[in-house]
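Here is the structure we will look at.
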Amino acid sequence: MDYITYAVPFFLLALLIELVYGIAINRNTYRLNDAISNLFMGTLRTANKLIIIGAAGYVFYLVETHFSLWRMDASSPATWIFAFIIYDFFYYWFHRISHERQIFWASHVAHHQSEDFNLSTALRQTGTGAFVSWVFYIPMFVIGTPSYVFVSVASLNLIYQFWVHSEHIPKLGWFENYFVTASNHRVHHAQNEQYIDKNYGGVFIIWDRMFGTHKVEDDNEACIYGIRGTLNTFNPIWANLHIYMKIGKEMWLSKDWKEKLYAPFARTGWIPKSFPEKVAKDNFNSQTFKKFDPVISKQIKLYSLFQYLFITYIFLAFIQSGYLNYFQLWITISMMAFTMFSTAMWLDGKEAMKVELLRLALYISIGIYAYFQTSLITISISLLIYSLINILLLPFIDKSQRMPEAQLNS
């Protein structure tokens, strides 16, 4: 059983509690632009899984049915305990390789781009992870882990990882020696030289201790979050694709065929010797680092929040409920992604009116088409009302974007 669906309401409640607590103690760790970007990424990942998860499930089925050495007893507590531990072992190696090799980093990088560290960061997940991550768990089926147990412990592992994304939780004494905590996961998300590429465990920190990747958070050096080679955008589409684009460019432009073929499997940060373009060196400096934080109006922030709430409604009411067929699912998720792209332009402080008008024209067209389909009348009404609200709000958004920066800060 996948327990994540049941945990989502508690995740969102925990986000709200952390936000209120941070404000109350005058140490708020949230920025709306970054948090909205994180939540967009989480929604996109969950929606994408419904489309692309089939291949992995089929491979797991074949291995479990035809190639497993034996079949463990799903009713035995020992099976569940063993599966929970061994899953985290394989997760450690998947996670570590995801930082060390380009093709896997291309997927995983999305989780590390946030320059804040709070519970919304936990929900910032890759939209392409389902293409590669499943390969690392095939051995679990070879050794006889029942698929029901695998899905259950995988979801429990992910749920555990949620709470460790917080700056408000201090070191936890002896617990730090055996389990992943907020303190050692802060290290994992930091880009400081002494912290980078450390603490890969999901639940147990013992794997890092065993394999030499453990690092204790230094009380004298604050963690600086984000990635080397700053993304400088809240665009979730580019966030998911930019390393793939880098790899593709290296394969296309490199003059050496060995380097072309090696590019996907090279260590992260690798540059082909035969690459014709000059690549800027990493110039990270913890003393001069500044977060990407464009000045935008309160109206745009509220407008962006409205877009997230609408996308969440569409996801819960029509996608997760199984209301749509496969083709309709593709169209809906594509429009969700387009909404995220357009909203990110506003959050980046860019001129987005033309893109926004095109997006709303598509929404209205889809809404009108859906109106004449008996089974889609509910989604039609939702889209048309939503589009009307957006059209009424746009003049205020456009006006606020043209305000002088001094007025935006006031």
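Only the coordinates and a few stated rules stand behind these numbers; no lab work does. Because the structure is a prediction, the values reported are computed rather than measured. Don't worry about glycine lacking a Cβ; one is built from the backbone with ideal geometry, like all the others, and counts go over all protein chains shown.
Brief remarks follow.
- Dipole axis of the stretch 4-211 (+1 Lys, Arg; -1 Asp, Glu on Cβ), positive-most option in 93, 175, 48: 48
- Computed [θ] at 222 nm, deg cm²/dmol, the chain (DSSP H ≥ 4; -39,500 (n - 2.57); rounded to nearest 500): -18500 deg cm²/dmol
- Rounded to the nearest 20, the size of the Cβ-charge dipole of the stretch 295-410 about its Cα centre is 100 debye, with Lys and Arg at +1 and Asp and Glu at -1.
- Built amide H within the under 5 Å cut-off of residue 201, gap 5+: 208
- Relative exposure of 281, 298, judged by other C-beta atoms within 10 Å (fewest first): 281, 298
- Taking a ≥ b ≥ c as the square roots of the eigenvalues of the alpha-carbon gyration tensor, the stretch 4-211 is classed prolate because a/c is 1.5 or more and a/b outweighs b/c.
- Within a Gaussian network of the chain (alpha carbon springs, distance under 10 Å), most fluctuating of 122, 106, 14: 14
- From phi via Karplus (6.51, -1.76, 1.60), per-residue ³J(HN,Hα) for the stretch 310-317 in Hz, x at Gly/Pro: 5, 4, 4, 4, 4, 4, 6, 7
- Couplings for the stretch 191-206, taken from phi via the Karplus curve 6.51 cos²θ - 1.76 cosθ + 1.60 with θ = phi - 60°, read 10, 4, 4, 6, 9, 5, 6, 10, 6, 8, x, x, 10, 9, 7, 5 Hz in order; Gly and Pro are left as x.
- Of the residues 224, 206, 149, the one whose Cα sits farthest towards the positive end of the charge dipole of the chain is 224 (charges of +1 on Lys and Arg Cβ, -1 on Asp and Glu Cβ, taken about the Cα centre).
- A protection proxy built from the mean count of other Cβ atoms within 10 Å ranks the segments 218-224, 175-181, 31-37, most packed first, as 31-37, 175-181, 218-224.
- Compared with the alpha-carbon gap, the fully stretched path from residue 357 to residue 306 is longer by 16.7 nm at 0.36 nm per residue.
- Ordering 86, 331 by the number of other Cβ atoms within 10 Å of each residue's own Cβ, fewest first, gives 331, 86.
- Less than 5 angstrom separates the built amide H of residue 179 from those of 205, all sequence-distant by 5 or more or on a different chain.
- Distance between the stretch 355-390 and the stretch 72-140 - C-alpha centres, whole angstrom: 37
- Using a cut-off of 18 Å between Cα atoms, the listed pairs 246/273; 281/350; 298/399; 198/260; 198/249; 255/278 include 281/350; 198/260; 198/249 as exceeding that distance.
- Taken about its Cα centre, the chain carries a charge dipole of roughly 800 debye when the Cβ of each Lys and Arg holds +1 and the Cβ of each Asp and Glu holds -1.
- Charged neighbours of residue 137, selected by a Cβ distance under 14 Å, balance to -2 (K, R count +1; D, E count -1).
- Highest-MSF residue in the chain out of 210, 336, 251 [GNM, Cα springs under 10 Å]: 210
- About its Cα centre, the dipole of the stretch 144-262 is roughly 480 debye, where the only charges are +1 on Lys and Arg Cβ and -1 on Asp and Glu Cβ.
- From phi via Karplus (6.51, -1.76, 1.60), per-residue ³J(HN,Hα) for the stretch 19-35 in Hz, x at Gly/Pro: 4, 4, 4, x, 5, 5, 9, 6, 9, 6, 9, 10, 10, 4, 4, 5, 5
- The stretch 153-178 versus the stretch 218-236: alpha-carbon centroid distance in Å: 20
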